[in-house]
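Read through the structure below, which is laid out as structure tokens, and then see the notes.
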Amino acid sequence: MKLLLTVLFLFGVTATITDLKAETNTVSSTVVTNSTPPTANAPSIINSNSDICKVGVGASVQNNVVGLATGVVIDDELCQKLKLSRSLYAYGMKVAAVSILCQDYRTWDSMTDAGTPCPVKGLIGAEAAAYWEANPSEIPDGSRYKPQYLQNKVEEESKGDVDGIKNFGLMALTLLLIL
């Protein structure tokens, strides 16, 4: 009898535990979302040769709907001038090499500061300096000397007009004295 009561008791406890488990509500759900943000990747522009004088630039813009990516290659003019100048110098054409560099206003200013004017149209030294004074509009833009040369040119032209009037007046007086 004890055994029967023990078995019934254990059976009842097991049934109660099972009922408790059955009453426990477990809610499980699986939510699948793709939450990766949209991305626009700028293209990488690789210069595999250091002798090309070009610079790669890439950019991208992205919002929730649309993305835009682009890349361009830009010529580096200063690099080209330096390479041309080095090549000419290597061929023994030193004046031509300096002339290419003088197309840049910084070189033009430094040559003027050093008292050695940039060569122009086959002229060097004092002849080149006279050419630059007579043709200041050909001085590279950005030069700190260009406004000064232009102002001197305007003053010379206006002074020349006064000299012409003065000479005309002297000629008229001479004619009056002769008559």
Seminar exercise, completed: Taking a ≥ b ≥ c as the square roots of the Cα gyration tensor eigenvalues, with a/c under 1.5 meaning rounded and otherwise prolate when a/b beats b/c or oblate if not, region 46-126 comes out prolate
For this session: Read phi for every residue in region 141-150 and hand back ³J(HN,Hα) as whole Hz from Karplus 6.51 cos²θ - 1.76 cosθ + 1.60, θ = phi - 60°, with x for Gly and Pro.
Result: 4, x, 5, 6, 8, 4, x, 5, 5, 5
For this session: With 21 Å as the limit, write out which pairs from Lys54/Lys94; Lys94/Lys121; Lys54/Lys121; Lys121/Lys146; Lys146/Lys166 have Cα-Cα distances beyond it, or answer none.
Result: Lys54/Lys94; Lys54/Lys121; Lys146/Lys166
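Where a number appears in this text, it was derived from the coordinates with a stated rule and is not lab data. Model, not experiment: these values are computed from the prediction.
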